[in-house]
Structures are given as structure tokens and as C-alpha cells.
Amino acid sequence: MEEQRLRIAIQKSGRLSDGSLELLKACGLTISRGRDKLYARVAEMPIDILLVRDDDIPGFIADGVCDVGVIGENVFEEWRLSDGNHSAADIIERLGFSRCRLALAVANAEEYTSIKDLEGRRVATSYPAILKEFLSKAGVSAHIVKMEGSVEVAPRIKVADAICDIVSTGATLEANGLKLAETIFQSEAVLVRNALSLSPEKQSIFEALLVRIRGVLQSRESKYVMMNAPRASVEAIREILPGAEAPTILELAGQPDKVAIHAVCRESVFWSTLEKLKKEGAKAILVLPIEKMML
Ligand code: PRT
Ligand code: ZN
């Protein structure tokens with residue numbers, strides 16, 4: 001019988017590609033990618049990678065062309081809200097990269113106080129389904145002008161009065177004489193899976209991969225923190241350490257009133273955290289990255 005391999009679709013080239021490849025690499029999967037290659041076989045696990053345009057990924061998952069995919073939540077949500085796609089695929093995990101937001105913007109000269117200002121006006125977007133849902137929840141009726149690209153020029157060429165587009169730094173809005181009016185959707189890369197059950201073989205490959213993905217995401221956020229501190233400060237220090245479970249307390253040779261404290265912090269450790277530790281008498285504080293983690 002032919003070996004069953006899990007098929008994962010990722011974006012071939014664009015704003016999701018680097019993050020997707022880095023994530024798979026951190027999971028221990030090496031992908032040799034030739035120029036114009038659309039398909040790659042992973043040696044370490046029974047997994048094949050499809051390199052495609054991001055817009056094709058939800059449809060491929062729903063049709064069973066692939067089992068899993070990495071895609072921007074904005075594109076997935078637009079697809080999901082479109083006819084007939086409601087329950088064909090599910091978000092399994094948010095991946096924390098390619099963050100952006102879908103926002104409404106108007107010309108600088110326009111006065112904007114609330115969403116009601118868009119009543120009866122024309123809004124250009126590549127995301128008509130998300131926009132339609134947002135407007136209907138807000139009780140505003142506007143004309144949606146669908147554009148595939150260059151949405152930011154719509155007000156200038158009088159195709160629309162406002163736009164609804166992806167914003168990251170805001171530089172594109174500024175360059176086009178537009179100002180942010182309203183954020184309607186926050187997005188990041190997400191791991192999506194076909195809603196139907198996978199074969200038992202594929203399911204177990206998927207579960208093994210998911211444990212690694214979750215480990216990678218957790219280790220990216222986590223730090224290993226070490227310090228020496230007065231024995232009397234251990235409780236106060238435990239309260240300061242962000243997201244730490246029971247820390248390890250070690251004796252320091254020849255210093256009975258001091259201990260070494262080691263802890264895994266599952267949340268960001270800021271400079272201000274270190275300053276607070278220092279106030280409690282901690283010395284020689286080290287914050288180390290964690291390469292791998294399995295919970
Ligand atoms: O070729 P393919 O179809 O695969 O790629 P694509 O051109 O459709 O998508 P791509 O690679 O541009 O974006 C893929 C995904 O990255 C998007 O669906 C978002 O989820 C996410 N993402 C993150 C962004 C941005 N940041 C972003 N800044 N997608 C687009 N932009 C564009 C935006 O459209 C606007 O033109 O960048 C401009 C705004 O950027 P700022 O920094 O000027 O605000
Ligand atoms: Zn695309």
C-alpha cells in the first residue's frame with residue numbers, strides 16, 4: 001500500500017513565505033526549494049509541501065488537494081464568509097507572524113467621526129465579504145466596490161469615497177493622502193485544516209507536527225531566567241517572574257542566606273522585569289532564549 005503523506009500548502013513567494021518556511025524549519029523539517037518549484041518532499045517526516053499562491057490555499061484545503069495550510073487570517077476569513085465555504089476548513093492555530101490589520105481609510109481632507117459617515121457612500125476593497133459583514137453589524141449601508149489590487153488609489157481616481165485594505169505600517173495610506181478611519185479585522189498567519197477527519201495515518205502525522213508547532217510557538221515566547229538572590233526574597237521574586245511555574249531553587253556554596261533561582265518564563269521578560277528583580281536583591285540575572293520545548 002502506498003505510504004500516506006500529509007500535504008501542507010504554504011505561500012510560494014510573498015509576505016507569508018519566510019515565516020512559513022522558518023516555522024517548518026524550526027519544527028525540524030528541511031525543505032529543499034529549487035527555483036519555481038511547486039512541490040517539495042520533506043525527508044524527516046511523511047510530509048509534502050505545496051508552494052502556491054496564498055489565495056488558492058483555502059480552496060485546495062476544502063477540495064482535499066492538501067490537508068493543511070498556512071495562510072493570512074484575512075484571506076481565510078474572506079474565503080470563509082463567501083458562499084458555501086462556512087464550515088469546510090478550520091483554524092487550528094494562530095502562528096504569530098505576518099501580522100496586519102484590515103482597516104477603513106478616507107482621504108485626509110474628509111471629516112471622519114464614526115462609521116455612520118460611510119452611510120450611502122462607496123468603499124473600495126479586495127475584501128467585500130469581511131467588509132459587508134462589518135457594515136451590516138454596524139447597521140451602515142454602503143456600496144462596496146470590489147477591486148483586486150491598488151485599492152489605495154480608488155479615492156484619488158474617484159472610484160470610491162473610502163477604502164478598506166490591509167494596513168501594516170500605514171506608509172501606503174500616507175503616501176496616497178489617506179488616513180485611518182477604523183480597524184475592522186486583526187490578522188496574522190494561521191494554520192488551517194480541512195474540517196473533515198483525516199485518515200488515521202495522516203491524523204497521527206498531523207498531531208505529531210502540531211505538537212512541534214506548539215512547542216516552537218511556546219519556545220519563541222519563553223525565556224530561561226537565572227539569578228542569584230537572597231533566600232528571603234524567593235517569594236517576592238516568584239511573583240515578579242512572568243508566566244513562570246515553580247522555579248528551581250539551588251544552594252550556593254558557602255553562602256547560606258543566598259540561593260540561585262532558575263525559571264522558565266512563558267511570557268515576555270522586559271527590562272522593567274529585570275529592574276524589579278534587582279530591587280528584590282537579585283544579582284547576576286541572565287535571560288536565555290529557549291531553542292526547543294515539548295510540553
Ligand atoms: O502572490 P500571492 O497571491 O501569493 O501573494 P499576495 O500578493 O496576494 O499577498 P502578499 O504576499 O502581499 O501578502 C500575504 C499576506 O501577508 C496577506 O494576506 C496578509 O495576511 C499579510 N500581510 C502582512 C500583508 C501586509 N502585512 C501588507 N503590508 N499583506 C499586504 N500588505 C500590503 C497592503 O496591501 C498594502 O498595499 O502592504 C501595503 C500596506 O503596507 P504599509 O506598511 O504601507 O501599511
Ligand atoms: Zn494573493
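The values are calculated or read from the model by the stated rules, or taken from the named source; none is laboratory data. A quick note: this is a predicted structure, and the numbers were derived from the prediction, not measured. Note: ideal-geometry Cβ built from the backbone for every residue, glycine included; neighbour counts use all protein chains shown. Ligands, DNA and RNA are excluded from the accessible area calculation, which covers all protein heavy atoms including side chains. Shrake-Rupley method; radii C 1.70, N 1.55, O 1.52, S 1.80 Å.
So for the stretch 24-114, Kirkwood radius off the Cα pairs, Stokes-Einstein at 25 °C and 0.890 mPa s: how many µm² s⁻¹?
Result for D is 154 µm²/s.
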Quiz item: By how many degrees, 0 to 90 and rounded to 10, does the Cα axis of helix 17-26 deviate from the longest principal axis of the chain?
Solution: 30
Self-check item: Compactness of the stretch 7-49, expressed as Rg and Dmax over alpha-carbon positions, Å
Solution: 9.7, 26
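With 34 Å as the cut-off, how large is the P(r) tail for the chain, expressed as percent of Cα-Cα pairs?
Here the tail beyond 34 Å accounts for 43 percent of pairs.
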Self-check item: Over the stretch 83-125, equivalent-ellipsoid semi-axes from the Cα gyration tensor in Å
Solution: 32, 17, 9
Self-check item: the stretch 104-187 - percent relative contact order, Cα under 8 Å, separation 6 or more
Solution: 43
Quiz prompt | Probe 1.4 Å, accessible area per residue of the chain, Å² | solution = 54
Practice problem: Two decimals is fine: what's Rg over Rh for the stretch 120-196, C-alpha atoms, Kirkwood radius as Rh? | Solution: 1.01
Self-check item: Reachable aspartates and glutamates from residue 223, criterion Cα separation under 18 angstrom, eight or more residues apart if same chain
Solution: 239, 245, 267, 275, 291
Practice problem: For the stretch 63-109, go through all pairs of different Cα atoms, get the mean of 1/r, take its inverse, and jot down that Kirkwood value in Å. | Solution: 13.0
Self-check item: Over the chain, relative contact order from alpha-carbon pairs under 8 Å, at least 6 apart, %
Solution: 18
Quiz item: For the Cα atoms of the chain, what angle does the longest principal axis make with the long axis of helix 200-221, in degrees from 0 to 90, nearest 10?
Solution: 70
Quiz item: Taking the mean number of other Cβ atoms within 10 Å as a proxy for protection, how do you rank 256-263, 16-23 from highest to lowest?
Solution: 16-23, 256-263
Quiz item: Relative to the longest principal axis of the chain, what angle (0 to 90°, nearest 10) does the C-alpha long axis of helix 128-138 take?
Solution: 80
Quiz prompt | residue 82 paired with residue 3, simple spin-label distance in nm, labels 7 Å along Cα-to-beta-carbon | solution = 3.5
